[in-house]
Each structure stands twice: as structure tokens, then as C-alpha cells.
1. If Lys and Arg each add +1 and Asp and Glu each add -1, what is the summed charge of the other residues whose beta carbon sits under 13 Å from the beta carbon of THR42?
2. Would you please give the FRET efficiency between ARG53 and ALA28, computed as 1/(1 + (r/R0)^6) with r the Cβ-Cβ distance and R0 = 41 Å, to the nearest 0.05?
3. Quick one: what are the phi-derived ³J(HN,Hα) couplings along the range 34-40, Karplus 6.51/-1.76/1.60 with θ = phi - 60°, whole Hz, x for glycine and proline?
4. Could you list which residues have their amide H under 5 Å from that of THR34, counting only those 5 or more apart in sequence or on another chain, with H placed in the peptide plane?
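Derivation of every value follows stated rules applied to the coordinates shown; laboratory data play no part. Everything numeric in this text was worked out from a predicted model, so none of it was measured. Cβ coordinates were reconstructed from backbone atoms using ideal geometry, including for glycine residues, and neighbour counts include every protein chain displayed.
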Amino acid sequence: MSAEAVVAVPVCRREVEQRRPDPHDQRARIPHLTARGTAALTQVGGHRRAAFRERLADGDEADLARFAAYLLRYNTSWPSADGKSRV
């Protein structure tokens, strides 16, 4: 890995996230997305949705319904860190 690549990672991170002090423990830092990070995440989500639409465009309705049910079951099969459903 080149020196430029090693230096570029932290710079890139600073452009999409910032770390703020934890109000309950000033020693800890909590990452927050910057406006640029939020825009990048939105763009990636849009690309992902477009890819799904393209790949599933000629799918049979019954197959797509089963696939959607499988995804929903998968995504709700375990609780999130706070114990709530992931959906």
C-alpha cells in the first residue's frame, strides 16, 4: 500500500464523519455523519435500489412475493442492539 493511500483514508473519513465527545463520558467519541456523508449514504442507497429493480424487473410476481417475505423474515429474525425489531 502506498503512503498516499494510508494518508487518504483518515482524510476521507473526516469528510464523511466527525467524532463528537460523548456527553456522558467525555473520554469517548461518537461518530456522526457530515452532510457529505449523509449525501454519500443516500446516493449508495439509491444505487442499491436501482440495482435491485434492474435485477428483479422480469421476476414472476409469485417469486418476488416469496423473495420479499424471505427478506422480511431474515431482517426481523433477530433484535437490534436496543432489543427492538430491525424493521
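1. So the environment of THR42 carries a net charge of +3.
2. The formula returns an efficiency of 0.50 here.
3. 7, 4, 5, x, 5, 5, 5
4. Amide H neighbours of THR34, under 5 Å, 5+ apart: GLU17, GLN18.
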